[in-house]
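Chemist: Take this structure first; my questions come after.
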Amino acid sequence: MSGRAAHRAIDAVWRIESAKLIARLATMVRDVGLAEDLAQDALLIALERWPETGIPDNPGAWLMTTAKRRAIDLLRRNKLRDRKYEEYGRASPLFTEDDVETETGEIGDELLRLIFATCHPSLSREARVALTLRLLGGLTTDEIAHAYLVPEPTVAQRIVRAKKTLSASGVKLDVPEGKELEERLSSVLEVVYLMYNEGYSATAGGSWIRPTLCQEALRLGRMLAEVAPREPEVHGLVALMEIQSSRFKTRVGPSGEPILLMDQNRALWDRLLIRRGLAALERARSLGRPLGPYALQAAIAACHAQALTPGDTDWARIAALYEALSRAAPSPVVELNRAVAIAMAFGPAIGLQIVDQLADEPALKGYYLLPSVRGDLLAKLGRMEEARAAFERAASMTQNLREQDLMRRRAAECAARDAGDKDGSPRETV
């Protein structure tokens, strides 16, 4: 295997295994930052050895074994040091047996424990999300920056400061209870949501979707539903992920090219996942509280899932749900999605007016879907030259190679249709 091919394979393995690796190491060494350092050490060893020896049959186990050996060596050194301190301490009249801390209980799911640790109240909201996506989602700082639409150096600084804060605070790896659970749950849900979104539509790279990341987010969501069964937003998020996951088989073509929602073969959608999602949404509703942002998004996804054909979609209801979502969690991205729903329900001209009002939103300056949506609406209005320019701008703004290809293909289609209009050739009706 060539060095370049080996590095690509190692990168793929790392994205799959890093979260489990860091979670297990954090359980051993009780320090999130140190756990990541040990995991990175194992990665560096793999980068040195695998190009020569080949990828092991079980690369995840190889990385885990290598990292655990380094962790054990570290713990042994620390234990020897602590034993000397203890010997000195026992000679002091201030020492009592009550000062000896003993650990009880079994270690549960390391990933769930780690996600609550990285969402500790000692961290800012932004730092919690960035650190958890970095450690559990395996996302690069660049990918997190694109997910949050903020500069990459800002994300990098947040992660470094967060790890230092957790290390200094001595945060324990456990699942909180009672009021503490409620306080940290919203950040945990946001992290799981962003992790899932990165898998559902990758911000960078050569693949449009990363199913493993989505599966891990869904697994964590299902576990959270067991930990907090009376929290409607937990069930709402699970419902959203279940329904969205039902489309995976139809979201990419044979060559990995993206297939948009309206072009997907709905007969291939996973009906079991849809039923699970609808059941989770019903649980959220049954708890008697107003639907929150995740449950509202799940309700929107349910409208698509229950429409047997694109023409059956209740776009007016979807537009109303986006209106409710904009009140529950106002953001320019929600407004952009509301514009799409309104355009589908009441015509592209109305949707375009809303999109144009969002043009100066700072949060959307680097968001490729703004010109993409605008291009789609312009094309439906027959304004092909403007649509072509919008799609080309969208292609220049996304780092995902599949999305770049899709945007350029749509730009080329608009150019061809525009040329057909000018030379009098017949064209399809928009």
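Chemist: Picking from Val227, Leu63, Leu111, whose Cα lies most toward the positive end of the charge dipole for the chain (charges on Cβ: Lys, Arg +1; Asp, Glu -1)?
Modeler: Comparing the listed Cα positions along the dipole, Leu63 ranks first.
Chemist: What does the charge count near Pro310 come to, summing +1 for each Lys or Arg and -1 for each Asp or Glu among other residues with Cβ under 10 Å from its Cβ?
Modeler: Net of charged neighbours comes to -1.
Chemist: While we're here: Given q = 0.12 Å⁻¹, what are the Debye log10 I(q)/I(0) values for segment 164-305, with equal point scatterers placed on the Cα positions and solvent ignored?
Modeler: -0.53
Chemist: Do any trypsin sites (Lys or Arg not before Pro) in segment 304-369 lie in a loop, going by DSSP, with at most 16 other beta-carbon atoms within 10 Å of their beta carbon, and if so which?
Modeler: On the way: sites: Arg317, Arg327, Arg338, Lys365; in loops: Lys365.
Counting only loop positions with at most 16 other Cβ atoms within 10 Å, the trypsin sites (Lys or Arg not before Pro) in segment 304-369 are Lys365.
Chemist: Here's another thing I want to ask about it. So which trypsin sites (Lys or Arg not before Pro) in segment 208-290 are both in a DSSP loop and have at most 13 other Cβ atoms within 10 Å of their Cβ?
Modeler: Answer in residue order: Arg230.
Chemist: Under a point-charge model restricted to the Cβ atoms of Lys and Arg (+1) and Asp and Glu (-1), what is the dipole moment magnitude of the chain relative to its Cα centre, in debye to the nearest 20?
Modeler: In debye, rounded to 20, the chain gives about 380.
Chemist: What residue among Glu110, Glu183, Glu48 has the largest mean-square fluctuation in a Gaussian network model of the chain, using Cα springs under 10 Å?
Modeler: Looking only at Glu110, Glu183, Glu48, the largest GNM fluctuation is found for Glu48.
Chemist: Okay, next question. In whole Hz and in residue order, list the ³J(HN,Hα) couplings for segment 138-145 that follow from phi through the Karplus curve 6.51 cos²θ - 1.76 cosθ + 1.60, θ = phi - 60°; x for Gly and Pro.
Modeler: Result, ordered by residue: x, 7, 7, 4, 5, 5, 5, 4 Hz.
Chemist: Also, I was wondering about something else. Shape call for segment 188-263 from the C-alpha gyration tensor, a ≥ b ≥ c root eigenvalues: rounded (a/c under 1.5), prolate (a/b greater than b/c) or oblate?
Modeler: Judged from the Cα gyration tensor, segment 188-263 comes out prolate (a/c at least 1.5, a/b above b/c).
Chemist: Rank Val29, Ser326, Gly277 by how far each Cα sits towards the positive end of the charge dipole of the chain (+1 on Lys, Arg Cβ; -1 on Asp, Glu Cβ) and give me just the farthest.
Modeler: Value: Gly277.
Chemist: Hey, what's the Kirkwood Rh for segment 10-76 if you take every pair of different alpha carbons, in angstrom?
Modeler: After inverting the pairwise mean of 1/r, the radius is 11.7 Å.
Chemist: Between segment 222-243 and segment 129-193, what's the alpha-carbon centroid distance in Å?
Modeler: Answer, in whole Å: 20.
Chemist: For segment 288-429, I need the span (max minus min coordinate) of the C-alpha atoms along each principal axis, in Å, sorted largest to smallest.
Modeler: If we take the Cα atoms of segment 288-429, the spans are 61, 34, 27 Å.
Chemist: Against the globular-protein guess of 2.2 N^0.38 Å, express the Cα radius of gyration of segment 256-354 as a ratio, rounded to two decimals.
Modeler: In units of the globular-protein estimate, segment 256-354 measures up at 1.14.
Chemist: Inverting the mean 1/r over all pairs of different Cα atoms, compute the Kirkwood radius of the chain and quote it in Å.
Modeler: 24.0 Å
Chemist: Same structure again: What distance in nm lies between label points placed 7 Å from Cα along the C-beta direction at Lys365 and Ala279?
Modeler: Distance between label points: 4.8 nm.
Read-outs: derived from the displayed coordinates by stated rules, not from any lab. Owing to the predicted nature of the structure, the values given are computational and were not obtained by experimental measurement. All Cβ positions, even for glycine, are placed from backbone atoms using ideal geometry, and neighbour counts span all protein chains on display.
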